[in-house]
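Notes for the one structure printed next.
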Amino acid sequence: MFAAVWRRRGLLLGFLRRELATRYAGTLGGALWAFVQPVLLLAIYAFVFRLVFRVELPDLGGNSYVTLVACALWPWMAFQEGCSAARWRWLITPTWCARLRSRASCW
């Protein structure tokens, strides 16, 4: 599976460029916001949990608390964004639903 994705990496990069261009077109920060926002969220979490709540985790194996939060937060944000985008696309494209219904009725 990874080999097939690697062969079509140009297509995936094209999709990524198009998505970033359409999503952040006309905004002040542009596509830079897609990279700055997760880092700012991580900084807020680090500040609140390390300095305000004084969270101490036992033996992280030489890794910091921020690294632990980043490894959990960023995949979750990607999953959440994917689910949100898929739901939104499903709602705004009624022709897709009609095609699915017509194909299902033909079987």
Open item on the list: For region 17-34, which positions are surrounded by 11 or more Cβ atoms within 10 Å (Cβ to Cβ) and part of a helix (DSSP H, G or I)?
Closed with: ARG17, GLU19, LEU20, ALA21, ARG23, LEU32, TRP33, ALA34
Open item on the list: Tally up the residues in region 51-71 that are at pLDDT 85 or above and of a type outside the set (A, V, I, L, M), please.
Closed with: 3
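The values are calculated or read from the model by the stated rules, or taken from the named source; none is laboratory data. Owing to the predicted nature of the structure, the values given are computational and were not obtained by experimental measurement. Here the Cβ is made from the backbone with ideal geometry for all residues, glycine too, and neighbour counts use every protein chain on show.
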